[in-house]
Every structure is written in structure tokens, then in C-alpha cells.
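Peer 1: What follows is a single structure, and I will ask about it in a moment.
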Amino acid sequence: MTDMAMEMATAGAQSGATGTASPAVSPVVSPLERRIDISVSLAEIEGEIGARLKNIARTLKMPGFRPGKVPMSLVAKNYGSQARSEAIGRAVESILEAKLKEQNLRMAGYPHIQSTPDAGEGRLGFTATFEVYPEITLGNVSGQSIERPVLAVTDAEVDQTLDVLRKQRVRYSETDRPAQKDDRVVIDFVGRKEGVEFAGGRADDHAMIVGAGAMLPDFEQAIEGVTSGDKKTFDVKFPDDYQAKDLAGSTVQFDILVKKVEAPHLPELDAEFAKALGSADGNVETMRAEVRANLEREVKKRLEAKVKQQVMDALLAVNPLDVPKALVEAESKQMADAALRDMESRGMAVKGFPIEPAWFADKAIRRVKLGLLLSEVVKTNDLYAKPEHVRAVIDEFAASFEDPQEVVRWYYSQPQRLAEAEALAVESNVVQWVLGQVKVSDKSVAFDELMGNAA
């Protein structure tokens, strides 16, 4: 039995009867909500119940009787309720499906079924309330404008990326000089408010990078210039919006003992460093070329993501749309489940963690709207992905791996992965189609801004 039939059967069973319909379709509360009043004939349902019980009796095994020889009175006693629920559910489902087809309605989610009184002698009444998919008439996007970010990867961006990679492999050695920016300082500290130590205000052997911004500004400033063995007392002002309410807006005192000041040492751009990045022969120029290629792929992906965001915004702007609550609820639940899986993959204990689907409602509404709009844009403009489009998506993704052909084979051996690549190809087709309709202007974007490193 389908989920729809099960809900209908439950409503029918609660009413205690069953049966054909004279349905009427009417809007209820929201623009997408509909109601169908259904009346079914008890006589027809009773016949269906009898047929179901006979079918059960053919193979039924019961102590004291041979298979298939159980008296119908016992079959009815034990399975009559089940047969009645199934008969009612199937009858109402059949009527509803016929009416949906007749009215050319696409039901979103499952209907809510309620029994109704006064259906008439020998009949059983139901009301099916449900949502339908919205009718979409695509708006004209030609009046929309999109700023296409532009960035060419040069030697400067390659050098900057190599600097980041070097800092990720930094080593520290103890020094006698005063602490300066990028040094690592190891300290003990105690914080007091009005002379009383506060919770979370003490730490031993705490390592911090000078100027990294991990501590409050007053604390960072006090650390600059210290040397190993120094003891120091200074005030720190907590922000007014600090998460610990008892400290928000307060000025406290910290006592620190400097145990070590360590200077950073970055690896040289040499063969050893190149090998550490995966260059087998340790060739520095080969390493730079690989870094540039990876950087160009990442830049391209981020530029395309920014354009795609604007394209989706443009489609939403000219296509105001009501969406079925059932679809939003389903999408919200999927997003909540995905968030839990992500937390679990990061090693967090998620059992009993209170993630509510409602937290994702706004994003879910946007996703559902875009899903419906993209489907209509694709259908209206024949933007379905061709095999060569899908292969291009897969080849681009595979290019960043050591064995691209193995990745390609993996995609084509996994129907789900292939479907994901096809969806990306379709999205790309939609983006290109919209860009052909709207006003597009190019705008240079800074590397740090694009990569999220802007101060």
C-alpha cells in the first residue's frame, strides 16, 4: 500500500466504513491548497473486502486447520479490519488519482484525509486536503543586470599562495629578542575582575601567535615586545556584545608569565619544499606550474559560483512564487539531516543534538523555489544536459586528481554520481542561457576578496 493509501485507510478505518465518489475540488487556505470531497459506496467496498478476505484465506495457516481451509468467519475476525482499511484506502486513492488527472493537478506531498459525516445513505464521506505545485509562467529576465567578477591568475597570486603554503609548514625556534608579529609566545595567564578570578580566565602553557587576532585587542597589544621570563599586569576591555554576559563591557586585569618567545622559520622554496607539495622530482618550476593550475581551477570555480548566485537571484526577482509547504518541510528536514551528518563527519557527538528543521526554513524555501523555476526554464528552453556536457563537467572535476581517467571511470560506474554531474551540467546551461538574456558587465575582483582573505 502507498503512503497515500495508508493515510486514507486510517481515516476510513476511523469512520468504520468504505466506497465510488462524486468529488468536488475547491481551494482552502493557501493559494496552493486544495480540497476534494469524496463519497464512496459502501456496497462496492464490501465486495472488495470480501475479495481481499478470500485471497487471504487461500494461503492462511492457523492451528487446527489445513492451509487454505480456515473458516471465513475466523478469517474475517482476524483480518477483517486490515481488509477494510486496505479496501477503503485503495478506493479513495483511486478516486483521488482520477480527479487529479481530470483537473490536471500535480499534488505536492501527501494528502490529509478526514472522514466526513452525512455522506448519504449507504455511502462514506471523506475530505482530502493537499497542496499542488504552482503554475509557473516565466518572467522576463532581460531587465536584470549581472556584474561578472573577473580575475586573471598572475605570478603575484601564485607567490601569495605559495606564501600561505609555506606558513602552513612553519617551524618555530626559541629566541631572546622581544616578541613581534608572527612570533609564537607561550604564556601562563590569570584574569581577574574586581580582584576575583573569573571562569575561563586562567591558562598554563598557552601558545598564541602575535598579531593573529585570536585574543582580544588589548591582550594582543600587551604581548607585543615581551621577552622570555617577563611578568606583566595589564587591563583588558571586553566588548559590549561579548558572549559571556558577566564579562561583556567589563575591564579586567590579567597577570601573565612569559615562558617562551619563538621566532617563525618558513621553509625555503626549494626542491625539498616542492617534494613536500607532491612534486616527485622536486622541480620548483613544476611545482609553481601545478600551484598555478590548481589556483586557476579554484578561481574559476569561485567566479562561476558568484555568477551563478546572481543568476539565481535574477530568476527569483522576476518570478515571485508560492511554494508548497510540504516541499519546504521535506527540504528543511534534508538540510537538518545533512547538517548532522556533517557534524558527525567532523568527529562531533551528534546523538540527541537538537537540530530543528525549522532553522533551515528560509534556505529551504529558496531551494524549493529555484528547483521549480530551473525545471521550468530547462523544459521551456530545452536546456537538458547532453552527454558531452556531462562529460565536460566530469573531466573538469577529474583534472585535479592524480589519475583523471580513474575518476572518470568511477563517475560513469556510479549512477548517483553521474546524476549529480548531469544536474551540474543542466545548471551550467541555465546560467549561460540567463547570461544571454540579461545585461552583463565585467568587474575586476581582488584575489583576497575572492578567496575570502580580505581583512
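Peer 1: Among the residues in the range 182-189, are any free of Cβ contacts under 8 Å to residues at least 40 places away in the same chain, open to solvent by 30 Å² or more (accessible area, probe 1.4 Å) and acidic (Asp, Glu)? Steps first, please.
Peer 2: To start, the set of residues in the range 182-189 that are free of Cβ contacts under 8 Å to residues at least 40 places away in the same chain comprises none.
No: the range 182-189 contains no residue that is free of Cβ contacts under 8 Å to residues at least 40 places away in the same chain, open to solvent by 30 Å² or more (accessible area, probe 1.4 Å) and acidic (Asp, Glu).
Peer 1: Out of the residues in the range 106-119 meeting the condition of being in a loop (DSSP other than H, G, I, E, B) and open to solvent by 40 Å² or more (accessible area, probe 1.4 Å), tell me which one is nearest to Glu135 (Cα to Cα). Steps first, please.
Peer 2: Here is the first cut: in the range 106-119, the residues in a loop (DSSP other than H, G, I, E, B) are 106, 117-119.
Adding the requirement that they be open to solvent by 40 Å² or more (accessible area, probe 1.4 Å) leaves 106, 117-118.
Numbers: Arg106: 10, Pro117: 33, Asp118: 34 Å.
Ranking the candidates gives Arg106 first.
Peer 1: Looking at the range 332-340, can you tell me whether even one residue there is in contact with a Gly (Cβ under 9 Å, 6 or more places away or on another chain) and among the basic types (Lys, Arg)?
Peer 2: Of all residues in the range 332-340, those in contact with a Gly (Cβ under 9 Å, 6 or more places away or on another chain) come to none.
The answer is no, given that none of the residues of the range 332-340 is in contact with a Gly (Cβ under 9 Å, 6 or more places away or on another chain) and among the basic types (Lys, Arg).
Peer 1: Among the numbered conditions (1) in contact (Cβ under 8 Å) with a residue 60 or more places away in the chain; (2) over 27 Å from Lys181 (Cβ atoms); (3) outside any loop (DSSP other than H, G, I, E, B), tell me where Val323 comes up short.
Peer 2: Unmet for Val323, out of (1) in contact (Cβ under 8 Å) with a residue 60 or more places away in the chain; (2) over 27 Å from Lys181 (Cβ atoms); (3) outside any loop (DSSP other than H, G, I, E, B): (3).
Peer 1: Another question about this same structure. Report the residue count in the range 429-455 for those that are assigned to a helix (DSSP H, G or I), modelled with pLDDT of 95 or more and either polar (S, T, N, Q) or touching a strand residue (DSSP E or B) at 6+ places or on another chain (Cβ under 9 Å) (or both).
Peer 2: Within the range 429-455, residues that are assigned to a helix (DSSP H, G or I), modelled with pLDDT of 95 or more and either polar (S, T, N, Q) or touching a strand residue (DSSP E or B) at 6+ places or on another chain (Cβ under 9 Å) (or both) number 4.
Peer 1: Can you tell me how many residues in the range 63-94 are surrounded by 14 or more Cβ atoms within 10 Å (Cβ to Cβ) and assigned to a loop (DSSP other than H, G, I, E, B)?
Peer 2: 1
Peer 1: Sticking with this one: Among residues belonging to the range 125-134 that are assigned to a strand (DSSP E or B) and touching a Lys or Arg at 6+ places or on another chain (Cβ under 8 Å), point out the one that is surrounded by the fewest Cβ atoms within 10 Å (Cβ to Cβ).
Peer 2: Step one: filter the range 125-134 for residues assigned to a strand (DSSP E or B), giving 125-132.
With the extra rule that they be touching a Lys or Arg at 6+ places or on another chain (Cβ under 8 Å), the set shrinks to 127-132.
On the way: Thr127: 17, Ala128: 28, Thr129: 14, Phe130: 23, Glu131: 25, Val132: 20.
For the range 125-134, the residue satisfying everything is Thr129.
Peer 1: I've got another one for you. Of all residues in the range 38-59, count the ones that are over 27 Å from Ala98 (Cβ atoms) and either out of contact with any helix residue (DSSP H, G or I) (no Cβ under 6 Å at 6 or more places or on another chain) or open to solvent by 60 Å² or more (accessible area, probe 1.4 Å) (or both).
Peer 2: 2
Peer 1: Residues that are within 24 Å of Leu327 (Cα to Cα) and either touching a residue at least 12 places away in the same chain (Cβ under 8 Å) or open to solvent by 80 Å² or more (accessible area, probe 1.4 Å) (or both), at least 1 per element: which helices (runs of 4 or more DSSP H) completely within the range 339-422 meet that? Before the answer, list the steps.
Peer 2: Details: elements: 361-381, 387-398, 404-413.
Answer list for the range 339-422: 361-381.
Peer 1: Based on this model, can you work out whether Ala199 counts as of a type in the set (Gly, Ala, Ser), open to solvent by 60 Å² or more (accessible area, probe 1.4 Å), modelled with pLDDT under 95 and within 30 Å of Val158 (Cα to Cα)?
Peer 2: Details: of a type in the set (Gly, Ala, Ser): yes; open to solvent by 60 Å² or more (accessible area, probe 1.4 Å): yes; modelled with pLDDT under 95: yes; within 30 Å of Val158 (Cα to Cα): no.
It is false that Ala199 is of a type in the set (Gly, Ala, Ser), open to solvent by 60 Å² or more (accessible area, probe 1.4 Å), modelled with pLDDT under 95 and within 30 Å of Val158 (Cα to Cα).
One line per residue, one yes/no per condition, for (1) touching a helix residue (DSSP H, G or I) at 6+ places or on another chain (Cβ under 9 Å); (2) among the hydrophobic types (A, V, I, L, M, F, W, C):
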position	(1), (2)
Phe130	yes, yes
Tyr133	yes, no
Leu138	yes, yes
Gln144	yes, no
Arg148	yes, no
Asp155	yes, no
Arg171	no, no
Glu174	no, no
Pro178	no, no
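Peer 1: Among the listed residues Thr137, Thr161, Thr233, Thr154, which satisfies the condition of being within 30 Å of Val299 (Cα to Cα) and open to solvent by 40 Å² or more (accessible area, probe 1.4 Å)? Break it down stepwise before answering.
Peer 2: Values: Thr137 fails: within 30 Å of Val299 (Cα to Cα); Thr161 fails: open to solvent by 40 Å² or more (accessible area, probe 1.4 Å); Thr233 fails: within 30 Å of Val299 (Cα to Cα).
Step by step, each of Thr137, Thr161, Thr233, Thr154 is checked, and only Thr154 is within 30 Å of Val299 (Cα to Cα) and open to solvent by 40 Å² or more (accessible area, probe 1.4 Å).
For every residue, the table says whether it meets (1) surrounded by 18 or more Cβ atoms within 10 Å (Cβ to Cβ); (2) of a type outside the set (Ser, Thr, Tyr); (3) without any contact (Cβ under 8 Å) to a residue 40 or more places away in the chain.
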position: Ile223; (1), (2), (3): yes, yes, no
position: Asp246; (1), (2), (3): no, yes, no
position: Gly249; (1), (2), (3): no, yes, yes
position: Leu257; (1), (2), (3): no, yes, no
position: Leu269; (1), (2), (3): no, yes, no
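Peer 1: Okay, moving on. List pairs: first residue in the range 94-106 and at pLDDT 90 or above, second residue acidic (Asp, Glu) anywhere in the structure, Cβ distance under 9 angstrom, at least six positions apart or on different chains.
Peer 2: So the pair list comes out empty.
Peer 1: Further question: Scan the range 182-202 for residues that are closer than 20 Å to Ala248 by Cα and of a type in the set (A, V, I, L, M, F, W, C) and jot them down. Steps first, please.
Peer 2: To start, the set of residues in the range 182-202 that are closer than 20 Å to Ala248 by Cα comprises 189-202.
Passing the criteria: Phe189, Val190, Val196, Phe198, Ala199.
The values are calculated or read from the model by the stated rules, or taken from the named source; none is laboratory data. Computed from a predicted structure; not experimentally measured. Note: ideal-geometry Cβ built from the backbone for every residue, glycine included; neighbour counts use all protein chains shown. Calculation scope for accessible area: heavy atoms of the full protein, side chains included, ligands and nucleic acids excluded. Shrake-Rupley method; radii C 1.70, N 1.55, O 1.52, S 1.80 Å.
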